[in-house]
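Undergrad: Got a structure for you, questions after.
The values are calculated or read from the model by the stated rules, or taken from the named source; none is laboratory data. Not measured: the values here are computed from a predicted model. Here the Cβ positions follow ideal geometry from the backbone for every residue, glycine too, while neighbour counts run over all protein chains shown.
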Amino acid sequence: MNEPSSSLEVEATSTVDSDSPPSILIPSLPDDVALQCIARVPRFYHCDLSLVCKSWRSILRSPIFFSTRSQLNCTQCFLFINVRIHGSSFKWFVLGQNPRNARNPRNLSPVLPIPSQAIGSAFAVIGPKIFVIGGSINDIPSTNVWIFDSRFNKWEAGPKMRVGREFAATGVVNGKIYVLGGCVVDSWARSTNWAEVFDPVTGSWTPVPSPVDVREKWMHGSAVIDEKIYAMADRGGIVYDPTKASWGYVSTELDLGWRGRAAVVDGVLYCYDYLGKIRGYDVKEGLWKELKGVEKDLPKFLCGATMANVGGRLCVVWEGKETGKQMEILCAEVEVWKDSCGGLWGSIVWSQVILVIPSGSSIVHCLSVGL
């Protein structure tokens, strides 16, 4: 039997009809106890588990199995990567773990492509689901939303936004997706149309009132820190606190250092600056600090790099060298921490080439998803 190439090779095309597990999972054990035993097995081995019997194969595809993993805190984080090929088509991949291969502990597998992905879409993650929001279709901002359920390898169309958007900022707070900017609206309607929020429980979008002096269209970066949404534009940035429904402006210090894709780990916002160095910004201290300890192992990220918090570690994905008609995509997983003096340090856990794509392609984004 061939070894599975990814921990996500179990692609369930359908779910069981009931949330109740099929009987009998493990002889001499109650089904609820057996379910908890199976749910504790790492994701990589689920392909092998599905071969045990029909009951196990069925339970591995059921919603109750994933909810049990979540309740037991057995959820694992996976890095999903979106790339644009030759400036036209889009492809998705997932970086999985391969404990059977000590020399190559990570491998990349293709994910079912999105039916229709636009340029300049925004992205958000809630639990096991990826939301691809808006984007430009024939130079017209779209209201479309696509949702990928990573448990079952399935895309579906989500509820449309109230306003078409491209290059918008997003943030997830208290299980809701907030989308800011990315649209052109008249000044009289700006306070109700510039931002909106999606509630997955009701499946509806509702307006978020915003100040009329918030006039930026394209947002170039966003992050959630301490339940507040930070969004950057060409001329500064804004902060929105959903809990207090209050708006503010990003400090000059944060604005000067934040360009490109960013990730938040332990309350520190990491990104790369104009010199290509990774820096971290602690909102409480109001200071940028260089991430030390990785200078010799990582290149300078002047462009073509993105970051994500994957299980408490900083994962960086970047475009490497081009050879002939091909370009390498590399990834590094970095353990980050503060020393006793507040300095930021990092240690490379692993780093390797994960993908080779045609020259002229580019990285769009990367996202951490729990399964």
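Undergrad: So, in the range 76-88, of the ones that are modelled with pLDDT of 90 or more and either more than 14 Å from the chain's Cα centre (by Cα) or among the β-branched types (Val, Ile, Thr) (or both), which residue ends up surrounded by the most Cβ atoms within 10 Å (Cβ to Cβ)?
TA: Checked the range 76-88; the qualifying residue surrounded by the most Cβ atoms within 10 Å (Cβ to Cβ) is Ile81.
Undergrad: Sticking with this one: Hey, can you tell me all the residues within the range 307-362 that are closer than 23 Å to Trp258 by Cα and of a type in the set (Ser, Thr, Tyr)?
TA: Listed by number, the residues that qualify are Ser347, Ser362.
Undergrad: Can I ask one more? If Asn82 satisfies all but one of (1) among the polar types (S, T, N, Q); (2) over 23 Å from Val364 (Cβ atoms); (3) in contact with a Cys (Cβ under 8 Å, 6 or more places away or on another chain), what's the number of the condition it fails?
TA: (2)
Undergrad: What residue, among those in the range 269-295 that are in contact (Cβ under 8 Å) with a residue 60 or more places away in the chain and within 24 Å of Asn82 (Cβ to Cβ), is farthest from the chain's Cα centre (by Cα)?
TA: Restricting to residues being in contact (Cβ under 8 Å) with a residue 60 or more places away in the chain and within 24 Å of Asn82 (Cβ to Cβ), the top hit is Ile278.
Undergrad: What are the residues in the range 297-356 that are of a type in the set (Phe, Trp, Tyr) and loosely packed, with under 13 Cβ neighbours inside 10 Å, if any? Please lay out each step first, then the result.
TA: Here is the first cut: in the range 297-356, the ones of a type in the set (Phe, Trp, Tyr) are 301, 318, 337, 345, 350.
Answer for the range 297-356, where residues must be of a type in the set (Phe, Trp, Tyr) and loosely packed, with under 13 Cβ neighbours inside 10 Å: just Trp350.
Undergrad: Give the range 251-295 a look and list any residue that's among the acidic types (Asp, Glu) and at positive phi, or say none. Don't jump to the end; show me each part of the working.
TA: To start, the set of residues in the range 251-295 that are among the acidic types (Asp, Glu) comprises 253, 255, 266, 273, 282, 285, 290, 295.
Residue satisfying the conditions is Asp266 alone.
Undergrad: Can you pull out the helices (runs of 4 or more DSSP H) entirely within the range 27-91 that have at least 2 residues that are farther than 17 Å from Leu371 by Cα and among the acidic types (Asp, Glu)? Write out each step before concluding.
TA: On the way: elements: 31-39, 46-49, 54-59, 63-71.
Correct list: 31-39.
Undergrad: How do the strands (runs of 3 or more DSSP E) wholly within the range 104-150 filter down when requiring 3 or more residues that are within 22 Å of Ser204 (Cβ to Cβ): which remain?
TA: On the way: elements: 106-111, 122-126, 129-133, 145-149.
The qualifying strands (runs of 3 or more DSSP E) are 122-126, 129-133, 145-149.
Undergrad: I need a count of the residues in the range 306-336 that are without any contact (Cβ under 8 Å) to a residue 24 or more places away in the chain and not charged (D, E, K, R).
TA: 1
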